[in-house]
Amino acid sequence: MTIRRQLLNFGGRSTDVRMGVGALEELSSLFAGAVVKPRRAVVVTRADLAETHALTAARALIDAGFTVEDLSVPAGERAATLAYANQLIAALERAELTADDLMVAVGDAELCGLASFCARMWCGGMACALVPTTLDAMVGATTEMVALDATEHDGMLSLRPEITLSVCDLSLVKDAPLAANGLGYVQIVAAYLSESKKYWDDLAQLTQGLVSGGEVSFIDALFCAQVSRTNTVKSASPSARQATLYGALTAEALASCLDHAVPTYQLLAEGMRFEARLAHDACGFAIEHVFAQDDRFDELGIEELAFDVSAERFVSALKQTRARRANRFQFALPKHPGTIRLATVDDDVLMRHAAAYVASRAELLDADL
């Protein structure tokens, strides 16, 4: 068993990432090194993981010298809420944890985000270790939390995570189905496009290894994606720091337009497909890269989404979605591999692309009949 290590450097701090099949077997020694002296810890997890991976983490903490408090979120419920944050903070107070103690999250990206948020808030910041159990959490939880629901609009409350340790056991994801890995796959595609032309060209070969469950392919993909996202969030350019929003605006707008639930990974892939074509017109993004992105999604088994929505409704949803978080209507668009920046799109260009896009998706519905 070989566990790879990578340090993600954020300037004044770093995140220690351990990755490989069987990484959970090293939790005890890794937890012991996450704080100056092991004393107290809290484990936050999903109820359906409490007797499996969370129990493994709790036992490892005890072996390392910690006393452990547990908090379980019901399986299937949205964990990224202010209500659950208040429950977790109450658990921290009940266990009398301090800034010198340890928060551990075992679960999906919502759970990891909930823990990272509370860890930053408690006593001005405490150590936080993640044991992500889904591919998207392994890709993104060290650099961006799933925002908490706190108002009538979802996902408005967030902080940049400050993670001490992330332990990614690839046995949890390398043979998982598309329904479980899809969002992680889409995030990997976006990260490779954001990083450089070389990485973007390398992705064509890597996708085959991901589909076949190759451990080395998953390690390479996760390392690149984590480095790419780290470079994005610590960029000196405010516009460059928004690169992780690529596709997200369209994904959220689509979700508000559709009258049925669609998997998040499929919505984000659709957002990237539409915004790549918008970038071709607005930013000169080469059409060969637009088609290459389509090919990567096809290879990963992520199909185009069929729906029937008017162009006017789609554009209105885009503008309303963006207006909730910013005063300027801009997309995070790729100019070329390695560069994704905020860009303003003329209304006539946006409407032309929106009309062509929704028409193509309506044709998919007709083809299914």
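The values are calculated or read from the model by the stated rules, or taken from the named source; none is laboratory data. Everything numeric here is computed off the predicted structure, so don't read it as measured data. Neighbour counts run over all protein chains shown; Cβ positions are idealised from the backbone, glycine included. To get the accessible areas, we keep the full protein, side chains included, count just its heavy atoms, and leave off ligands, DNA and RNA. Shrake-Rupley method; radii C 1.70, N 1.55, O 1.52, S 1.80 Å.
Once backbone amide H atoms are built at 1.01 Å from N, C128 has M103, T164, L165 as its partners under 5 Å, excluding neighbours fewer than 5 places away on the same chain.
Taking all Cα pairs closer than 8 Å and separated by 6 or more residues, the relative contact order of region 213-311 comes to 21 percent. Report, to the nearest 10°, how far helix 287-299 tilts away from the longest principal axis of the Cα atoms in the chain, using its own Cα long axis and a range of 0 to 90°. With both axes taken from Cα atoms, the answer is about 50 degrees. Surface composition of region 215-369: carbon and sulfur make up 50 percent of the accessible area, probe 1.4 Å. For the chain, DSSP calls about 30 percent of its internal beta bridges antiparallel.
Here's how it looks for D70: its modeled amide H is under 5 Å from those of V43, which are all 5 or more places away or on a different chain. Helix 82-94 and the longest principal axis of the Cα set of the chain meet at an angle near 10°.
For K234, a cut-off of 14 angstrom between C-alpha atoms picks up these aspartates and glutamates, skipping any fewer than 8 places away in its own chain: E144, E162, E195. The charge dipole of the chain, taken about its Cα centre with unit charges on the Cβ of Lys, Arg, Asp and Glu (plus for the first two, minus for the last two), comes to roughly 1480 debye.
Relative to the longest principal axis of the Cα atoms of the chain, the long axis of helix 178-195 makes an angle of roughly 80 degrees. As a calculated quantity, the FRET efficiency between D100 and S235 at R0 = 30 Å, using C-beta atoms, amounts to about 0.40. Set the Förster radius R0 to 35 Å, insert the Cβ-Cβ distance between F329 and R78 as r into 1/(1 + (r/R0)^6), and round the FRET efficiency to 0.05. About 0.80, to the nearest 0.05. Straight-line reach from K198: taking Cα to Cα under 17 Å and skipping same-chain neighbours fewer than 8 places apart, the lysines in range are K335. In this structure, the amide hydrogen of C168, modeled 1.01 Å from its nitrogen in the peptide plane, lies closer than 5 angstrom to those of R18, M19, G20, counting only residues at least 5 positions away or on a different chain.
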